[in-house]
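Report on the following structure.
The values are calculated or read from the model by the stated rules, or taken from the named source; none is laboratory data. Computed from a predicted structure; not experimentally measured. Here the Cβ positions follow ideal geometry from the backbone for every residue, glycine too, while neighbour counts run over all protein chains shown. The accessibility values were calculated without ligands, DNA or RNA, using every heavy atom of the protein model including side chains. Shrake-Rupley method; radii C 1.70, N 1.55, O 1.52, S 1.80 Å.
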Amino acid sequence: MSHYGTATDRTYERAGFGAPVRRGRRPALIVVDLTRGFTEDRFPTGADLTEVVAATARLIEAGRPAGVPVLFTAIAYTSAEVAGDHITWLRKAPGLGTLLEGGEAVALDPRLPRRESDPLVVKKGASAFFGTPLAATLTGLGCDTAVVCGATTSGCVRATAVDAVQSGFPVLVPRECVGDRAAGPHDAALFDIQAKYGDVIALEDAIGYLGGPAGD
């Protein structure tokens, strides 16, 4: 039962939302935008996501022995894209213009255990799928389930979860592995993901899942 209350839960249940997703045998871990500009509060776009980074690092390491693919994403813009007027999202969210290619803000959080062989998907929008080769990469890897971590829950994580399921991948979101700038949007996004797009699960559940299927 969610913290939104019994009436809300009953409304969603009556609409037929919230059924559990099918868990495949070849999951991939998608780490969305855990770059320094989002995980450190010294950046205007960021918040202190120390606990999210630690939980995600733990999940990555849990999946390594089973050969679970790990894919990282980052939002990064060129100077021309920021100076120009052709990226509509930057009109609505001009603060994202500080995420410049090559800058400190777009570097992956150094506390994450990324390997050289882990793909990095650079994107211009919220979804890790929109305008990127992510879906084709997952297909090429033979993956059948997307485990989505990262930031922010209400923005790029939710958008990625929506596009993942629309691309044919069942979605799991470990709640300890996602974070936002404020509790309200974070909680609302998790409620929405659980209702319509994927299963919001505990970190320990995700660790158990990643530790098994790919190695079977």
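Side notes on the structure shown:
- Packing-based order for 16-25, 185-194, using average beta carbon neighbours within 10 Å, highest first: 185-194, 16-25
- Highest mean packing first, where packing is the average number of other Cβ atoms within 10 Å per residue, the peptides 167-173, 47-53, 201-207 line up as 167-173, 47-53, 201-207.
- Counting protein heavy atoms only, the chain has 54 percent of its accessible area on carbon and sulfur, 1.4 angstrom probe.
- Gyration tensor analysis over the Cα atoms of segment 95-144 returns equivalent ellipsoid semi-axes of 23, 16, 8 Å (largest first, whole Å).
- Peptides 88-96, 145-153, 38-46 ranked from most to least packed by the mean count of surrounding Cβ atoms within 10 Å: 145-153, 38-46, 88-96.
- Under the Debye formula (equal points on every Cα, no solvent term), log10 I(q)/I(0) of segment 35-124 at q = 0.11, 0.12, 0.16, 0.17 Å⁻¹: -0.36, -0.42, -0.70, -0.77
- Secondary-structure-derived ellipticity at 222 nm for the chain, considering helices only, amounts to -9000 deg cm²/dmol, per-run term -39500 (n - 2.57) for DSSP H runs with n ≥ 4.
- Heavy atoms of the protein chains alone define the surface here; on that basis segment 69-216 has 42 Å² accessible area per residue at 1.4 Å probe size.
- Cα-centred dipole magnitude for segment 124-216, charges only on beta-carbon of K, R (+1) and D, E (-1), debye, nearest 20: 380
- Proximal aspartates and glutamates relative to Lys123, as straight alpha-carbon distance under 15 Å, when same-chain residues fewer than 8 apart are discounted: Asp33, Glu81, Glu101, Asp163
- Bridges between two residues of segment 1-154, per DSSP, are antiparallel at a rate of about 5%.
- Cα gyration tensor shape for segment 78-164, rounded if a/c is under 1.5, else prolate or oblate: prolate
- Under a model in which nothing but the beta-carbon of Lys, Arg (+1) and Asp, Glu (-1) is charged, segment 35-177 shows a dipole of about 160 debye around its Cα centre.
- Average projected area [Cα convex hull, the chain], square nanometres: 11.9
- Column: log10 I(q)/I(0), Debye, Cα scatterers of segment 147-215, q = 0.15, 0.20, 0.27, 0.29 Å⁻¹: -0.43, -0.74, -1.20, -1.31
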